[in-house]
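The values are calculated or read from the model by the stated rules, or taken from the named source; none is laboratory data. In this text, all values refer to a predicted model and were calculated from it rather than measured experimentally. In this analysis, Cβ positions are derived from the backbone assuming ideal geometry, glycine residues included, and neighbour counts consider all displayed protein chains. Just the protein is used for accessible areas: all its heavy atoms, side chains included, with ligands, DNA and RNA removed. Shrake-Rupley method; radii C 1.70, N 1.55, O 1.52, S 1.80 Å.
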Amino acid sequence: MGMKWLGRAVLLLYAVIIAAPLYFVFISSFKTTQRFFASPLGWPKPFTFANFSAMFKGQTLGTYFVNSIEVTLGTVLIELLLGSLIAYALFRLGGKAARILFGLFIAGLIVPSQVNMLPIYSLTHKLGWSDSLYGLILVSVAMLMPLSVFMLKGFMQVLSTEILEAGSIDGANEWKLYSRIALPLSAPSLAATATFLFVMVWNDLLIPMLLINSKSKLTLPLAMLQFRGEYVTDYPMLLTGVVLTAAPMVVMFLLLQRYFVAGVMAGSLKG
């Protein structure tokens with residue numbers, strides 16, 4: 001009984017540690033600068049939305065928001081399509097050849113992203129992809145492909161070979177087996193992978209910082225970096241930007257939470 005209450009106390013302490021910074025950021029976004037310095041942890045008095053309106057009126061935050069959505073959705077959709085195709089092909093191929101190919105993708109996870117910065121910058125400059133959102137999407141897809149294949153390959157392992165064989169006997173080719181059987185059955189796993197990729201791309205700062213130069217093409221994390229330099233002492237405004245940047249990730253996770261848990265459980269059943 002004592003260990004049970006101890007475990008609950010530890011979980012409660014962990015929840016407080018996680019919730020405290022979230023509470024601080026959220027309430028600070030509704031404060032004036034004067035109220036923030038007078039009572040950093042206190043409730044906003046007055047409760048104001050001025051910081052949110054100022055973000056969109058005085059800044060081109062709407063443009064940065066659209067840029068981030070375009071880059072994130074483009075990367076995630078291409079990543080899911082190519083990653084699922086590769087994972088399905090490796091699953092169907094099987095044997096030593098599939099293990100070797102899968103090992104090559106896994107090798108891509110070993111190399112730190114920072115090591116690839118110079119080659120990526122040189123290659124994108126030669127291809128004319130520098131300072132381009134489309135170039136940023138393609139580079140992000142390439143950088144995340146090993147991770148996508150690693151995740152989706154584990155998910156594909158739980159597919160029933162009997163169902164695929166039955167579809168093949170009925171005359172379905174590999175594309176139909178993939179699109180009409182494998183993908184629908186892998187929907188929870190794809191949602192889990194999509195959620196994971198969305199968070200990574202949405203929060204990415206390193207690759208946009210490397211490739212993007214124009215102010216009109218900044219993504220939100222990169223824009224927040226610029227914004228911080230402009231409003232060094234206006235902390236409520238900075239924290240409002242943090243809230244706006246985090247909101248899409250929270251909404252997406254809440255919408256896909258059920259599929260995320262189901263997909264993770266599916267991938268853990270058989271590896």
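In region 101-114, the qualifying residues are those that are surrounded by 10 or more Cβ atoms within 10 Å (Cβ to Cβ) and free of Cβ contacts under 8 Å to residues at least 24 places away in the same chain, and the one that is nearest to I207 (Cα to Cα) is V111.
Any idea how many residues of region 115-132 are touching a Gly at 6+ places or on another chain (Cβ under 8 Å) and within 19 Å of L205 (Cβ to Cβ)? So the answer is 2. One residue stands out among those in region 15-63 that are over 15 Å from M237 (Cα atoms) and of a type in the set (S, T, N, Q): the one that is most open to solvent (accessible area, probe 1.4 Å), which is T63. Do we have G135 as touching a residue at least 12 places away in the same chain (Cβ under 8 Å), closer than 25 Å to Y64 by Cβ and touching a Leu at 6+ places or on another chain (Cβ under 7 Å) here? Criteria met by G135. Looking at the structure I just gave you, is K126 basic (K, R) and within 22 Å of the chain's Cα centre (by Cα)? When the stated conditions are applied, K126 does not pass them.
Residue-wise test of (1) more than 23 Å from G103 (Cβ to Cβ); (2) loosely packed, with under 15 Cβ neighbours inside 10 Å; (3) not small (G, A, S).
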residue: V149; (1), (2), (3): no, no, yes
residue: G167; (1), (2), (3): yes, no, no
residue: N173; (1), (2), (3): yes, yes, yes
residue: K176; (1), (2), (3): yes, yes, yes
residue: L183; (1), (2), (3): yes, no, yes
residue: L197; (1), (2), (3): no, no, yes
residue: L210; (1), (2), (3): yes, no, yes
residue: K215; (1), (2), (3): yes, yes, yes
residue: P221; (1), (2), (3): yes, no, yes
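Taking each residue of region 169-187 that is more than 13 Å from S84 (Cα to Cα) and looking for partners that are surrounded by fewer than 14 Cβ atoms within 10 Å (Cβ to Cβ) with beta-carbon atoms closer than 8 Å, six or more apart or interchain, yields A172/R180. Confirm whether I69 is in contact (Cβ under 8 Å) with a residue 12 or more places away in the chain, touching a Pro at 6+ places or on another chain (Cβ under 8 Å), open to solvent by 10 Å² or more (accessible area, probe 1.4 Å) and of a type in the set (A, V, I, L, M). Answer is yes for this residue.
Return a yes/no flag: does region 129-145 have any residue that is open to solvent by less than 60 Å² (accessible area, probe 1.4 Å) and at positive phi.
Checking region 129-145: at least one residue is open to solvent by less than 60 Å² (accessible area, probe 1.4 Å) and at positive phi.
On the given criteria, is T75 among the β-branched types (V, I, T), open to solvent by less than 50 Å² (accessible area, probe 1.4 Å) and more than 27 Å from L205 (Cα to Cα)? It is false that T75 is among the β-branched types (V, I, T), open to solvent by less than 50 Å² (accessible area, probe 1.4 Å) and more than 27 Å from L205 (Cα to Cα). The helices (runs of 4 or more DSSP H) found entirely in region 158-236 that carry 1 or more residues being in contact with a helix residue (DSSP H, G or I) (Cβ under 7 Å, 6 or more places away or on another chain), at pLDDT 85 or above and not aromatic (F, W, Y) are 187-203, 206-211, 220-230.
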